[in-house]
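**Student:** This is the structure I want to talk about, given as structure tokens.
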Amino acid sequence: MGIKLEAAQKIVNWSSAFEQVSAWKKQDISVVFTNGCFDILHLGHVDYLEKARALGDKLVVGLNTDASVKRQEKSPERPINDEYSRARLLASLFFVDLVVLFDEQTPYDIIAYLQPNVLVKGDDYAVENIVGANIVINNGGVVKTVPLVKGYSTTKIVNKIKNLN
């Protein structure tokens, strides 16, 4: 008998995510979507995701693939953790209901495909600049920003580690 990996079961492909989101919406369950790289999971990420989840009944996290992160040119060594590791960590959080990877430069296509009720980003974004906001609003949904915990970022963590040497 194999071990059941519950967190791993939350990591789904686009079609499975669509089926689950559609089922939730048919039950009048509000679906929240957010996205990011979540390279080194830290307090800022956890606080942000928890606040996002509080804006609805279910939280779907769109996760950039490794190739997508590299195209963002954050740094040549990024991502530090591979996409499966990042997905498993996110999926292990009790307030994350699904994790779906996307390889595009932005989450526009996955947002258009899933049609969430709520789209969330950090308050470092203006609502009018959030990718996919028009899709969500045009379908009767809402776009929200949540306050970020100051002083936390993957880049700061990486720089701190580099300075320890």
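The values are calculated or read from the model by the stated rules, or taken from the named source; none is laboratory data. In this text, all values refer to a predicted model and were calculated from it rather than measured experimentally. Note: ideal-geometry Cβ built from the backbone for every residue, glycine included; neighbour counts use all protein chains shown.
**Student:** Which numbered condition in (1) of a type outside the set (A, V, I, L, M, F, W, C); (2) crowded, with 21+ Cβ neighbours inside 10 Å; (3) touching a strand residue (DSSP E or B) at 6+ places or on another chain (Cβ under 6 Å) is the only one that Asp39 fails?
**Tutor:** (3)
**Student:** Could you run through the range 139-165 and say how many residues are charged (D, E, K, R) and on the phi > 0 side of the Ramachandran plot?
**Tutor:** Restricting attention to the range 139-165, the residues satisfying the condition of being charged (D, E, K, R) are 144, 150, 156, 160, 162.
Restricting the remaining residues to those that are on the phi > 0 side of the Ramachandran plot gives none.
Adding up the residues that qualify gives 0.
**Student:** I'm checking my understanding of the structure. Among residues of the range 106-165 that are of a type in the set (Ser, Thr, Tyr) and touching a residue at least 24 places away in the same chain (Cβ under 8 Å), which one is surrounded by the fewest Cβ atoms within 10 Å (Cβ to Cβ)?
**Tutor:** Applying the first criterion (of a type in the set (Ser, Thr, Tyr)) to the range 106-165 yields 106, 108, 113, 125, 145, 152-155.
Among the residues that remain, those that are also touching a residue at least 24 places away in the same chain (Cβ under 8 Å) are: 106, 108, 113, 145, 152-155.
On the way: Thr106: 15, Tyr108: 14, Tyr113: 16, Thr145: 17, Tyr152: 15, Ser153: 16, Thr154: 22, Thr155: 12.
Checked the range 106-165; the qualifying residue surrounded by the fewest Cβ atoms within 10 Å (Cβ to Cβ) is Thr155.
**Student:** Looking at the range 66-81, is at least one residue hydrophobic (A, V, I, L, M, F, W, C) and in contact with a Gly (Cβ under 7 Å, 6 or more places away or on another chain)?
**Tutor:** Step one: of the range 66-81, the residues hydrophobic (A, V, I, L, M, F, W, C) are 67, 69, 80.
After this cut, where a residue has to be in contact with a Gly (Cβ under 7 Å, 6 or more places away or on another chain) as well, the list is none.
Within the range 66-81 (the criterion being hydrophobic (A, V, I, L, M, F, W, C) and in contact with a Gly (Cβ under 7 Å, 6 or more places away or on another chain)), the answer is no, since none of the residues qualifies.
**Student:** Kindly list, by first and then second residue, each pair from a residue in the range 57-72 that is surrounded by fewer than 18 Cβ atoms within 10 Å (Cβ to Cβ) to a residue that is among the hydroxyl-bearing types (Ser, Thr, Tyr), limited to pairs with Cβ atoms under 9 Å and residues at least 6 apart or on different chains.
**Tutor:** Within 9 Å, the pairs are Asp57/Ser30.
**Student:** Which condition from (1) within 23 Å of Tyr113 (Cβ to Cβ); (2) of a type in the set (D, E, K, R); (3) touching a helix residue (DSSP H, G or I) at 6+ places or on another chain (Cβ under 9 Å) is the one that Lys26 breaks?
**Tutor:** Condition (3) is where Lys26 drops out.
**Student:** With a cut-off of at least 2 residues that are modelled with pLDDT of 95 or more and more than 30 Å from Ile161 (Cα to Cα), name the helices (runs of 4 or more DSSP H) lying wholly within the range 1-116. Show your work before the answer.
**Tutor:** Working: elements: 6-9, 14-26, 43-53, 66-71, 83-91, 108-114.
Those helices (runs of 4 or more DSSP H) span 14-26, 108-114.
**Student:** If you take the residues of the range 1-36 that are crowded, with 16+ Cβ neighbours inside 10 Å and among the aliphatic types (A, V, I, L, M), which of them is nearest to the chain's Cα centre (by Cα)?
**Tutor:** For the range 1-36, the residue satisfying everything is Val32.
**Student:** In the range 74-101, which residues are farther than 21 Å from Ile157 by Cβ and among the charged types (D, E, K, R)?
**Tutor:** Selection gives Asp97 alone.
**Student:** Sticking with this one: Within the set of pairs 6+ apart or on separate chains, which have a first residue in the range 78-93 that is within 19 Å of Leu59 (Cα to Cα) and in contact (Cβ under 8 Å) with a residue 40 or more places away in the chain, a second that is in a loop (DSSP other than H, G, I, E, B) and among the β-branched types (Val, Ile, Thr), and C-beta atoms under 7 Å apart?
**Tutor:** Leu90/Val96
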